[in-house]
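Notes follow the structure.
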Amino acid sequence: MQLDDIPFATTDWSTITPTEHAGETGKALWRTRQFGAVRVRMVEYTPGYLADHWCSKGHVLLCLEGELVTELEDGRVFRLLPGQSYQVADQAEPHRSSTESGAKLFIVD
């Protein structure tokens with residue numbers, strides 16, 4: 001990841017208006033900042049959320065609250081708890097996420 005032309009600044013995530021993204025079940029609320037080609041998000045998944053697609057975008061993802069289950073298209077399954085993260089490259093391993101109880105995430109992609 002190349003970070004260019006981004007002046008120092010802080011973000012108060014509570015002031016960013018969330019956008020709603022429906023899952024196959026549940027929904028995701030994204031608070032998003034864009035810095036050139038880099039997208040930074042605070043994402044909240046409602047209880048019962050299941051992504052409606054397999055994602056091939058690369059991410060660095062940190063679980064802040066709740067529990068996140070990420071399934072890879074090859075059948076592997078990973079559970080993240082607060083303080084745990086994952087990273088995956090663009091076009092590397094299609095994945096989709098779900099949560100029974102809800103989750104709050106910090107994502108850079």
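Data for the structure
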item: Search result, residues across region 45-59 that are more than 13 Å from T25 (Cβ to Cβ) and open to solvent by less than 70 Å² (accessible area, probe 1.4 Å); result: C55, S56, G58, H59
item: Strands (runs of 3 or more DSSP E) contained entirely in region 37-103, each with at least 2 residues that are touching a Pro at 6+ places or on another chain (Cβ under 7 Å); result: 59-66
item: Filter result (at pLDDT below 95 and of a type in the set (G, A, S)) within region 24-55; result: G36, A37
item: Residue count, region 85-109 (criterion: over 20 Å from G48 (Cα atoms) and surrounded by fewer than 16 Cβ atoms within 10 Å (Cβ to Cβ)); result: 9
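The values are calculated or read from the model by the stated rules, or taken from the named source; none is laboratory data. Worth saying up front: this structure is predicted, and the values here are computed from it rather than measured. Neighbour counts are summed over all protein chains in view; Cβ atoms, including those assigned to glycine, are modelled from backbone coordinates with ideal geometry. Just the protein is used for accessible areas: all its heavy atoms, side chains included, with ligands, DNA and RNA removed. Shrake-Rupley method; radii C 1.70, N 1.55, O 1.52, S 1.80 Å.
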